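Participant: Encoded as structure tokens, here's the structure I'll be asking about.
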Amino acid sequence: LAKTTQPISMDSYEGQEVNITCSHNNIATNDYITWYQQFPSQGPRFIIQGYKTKVTNEVASLFIPADRKSSTLSLPRVSLSDTAVYYCLVGAGGNTGNQFYFGTGTSLTVIP
Amino acid sequence: DSGVTQTPKHLITATGQRVTLRCSPRSGDLSVYWYQQSLDQGLQFLIQYYNGEERAKGNILERFSAQQFPDLHSELNLSSLELGDSALYFCASSVADRGRVGYTFGSGTRLTVV
């Protein structure tokens, strides 16, 4: 399995840019990198997905270096409502099965 | 509203009992996944179905079983319930079962075993 490692927690002030890094040294060639956000007592919500280089959508950017052994989720100008747990998942599904396993995630606290 | 519907939202039952949790996937999604989330265990993958067939199994106990019906809805059956089974149970769905898979989660069923 492509095991992922993230910081357990992070704090940031409102309006700051937040970067959360995930290490996945055993990533396979077919694996995608996907990030999810989870609020208490709610299901995780898909944020962004990428394979290499940089992906940007309306809420976040995902940076993936050439060796793909890590990835960084960037949240621009966070607000209090961004306080949540963020998970990175690595996998390609199918018979590899390694897309299913959520790690401990990073608990982000945004401070006023 | 994510498009994934889970019922019931809350369930309280006694030890030793059996319950059924239901999930309707987002329209067009063929894959259904079940997860258990308790305070000390995080999100635990239980099982996946794709178009009616079991595709992958995770940390699912023998007392638990699931199935996906022809209309693609899925049910998770939990039997001989124990106090430790109290948790949030999430269902997720996706179009495919490999490659660029992105899950859409439901709002969960909170199970309390007393």
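Every number here is computed from the coordinates shown, using simple stated rules; none is lab data. Here the structure is a predicted model, which is why all the values come from computation and not from measurement.
Participant: Between B:Ile47 and residues 5 or more places away or on another chain, which pairs have amide H atoms under 5 Å apart, with H built 1.01 Å from N, and which residues are they?
Facilitator: Long-range HN contacts for B:Ile47: B:Trp34, B:Gly58.
Participant: Continuing with this model, one more query. Run down the lysines and flag those whose C-alpha is under 25 Å from the C-alpha of A:Lys69, throwing out any fewer than 8 positions away in its chain.
Facilitator: A:Lys3, A:Lys52, A:Lys54
Participant: Separate question: Choose one answer from A:Leu75, A:Leu89, A:Leu62: the residue with the largest mean-square fluctuation in a GNM of chain A with alpha-carbon springs under 10 Å.
Facilitator: For chain A, modelled as a Gaussian network with Cα springs under 10 Å, the answer is A:Leu75.
Participant: Using only alpha carbon positions, build the gyration tensor of the protein assembly as shown, then give the equivalent ellipsoid semi-axes as the square roots of 5 times its eigenvalues, largest first, whole angstrom.
Facilitator: Computed over the protein assembly as shown, the values are 30, 21, 15 Å.
Participant: Grab every C-alpha pair in chain A, bin the distances at 10 angstrom width from 0 up to the longest one, and report whole percents.
Facilitator: 15, 49, 30, 6, 0
Participant: Sticking with this one: Have a look at chain B and give its Rg and Dmax from the Cα atoms, expressed in angstrom.
Facilitator: Just the Cα atoms of chain B yield Rg and Dmax of 13.2, 41 Å.
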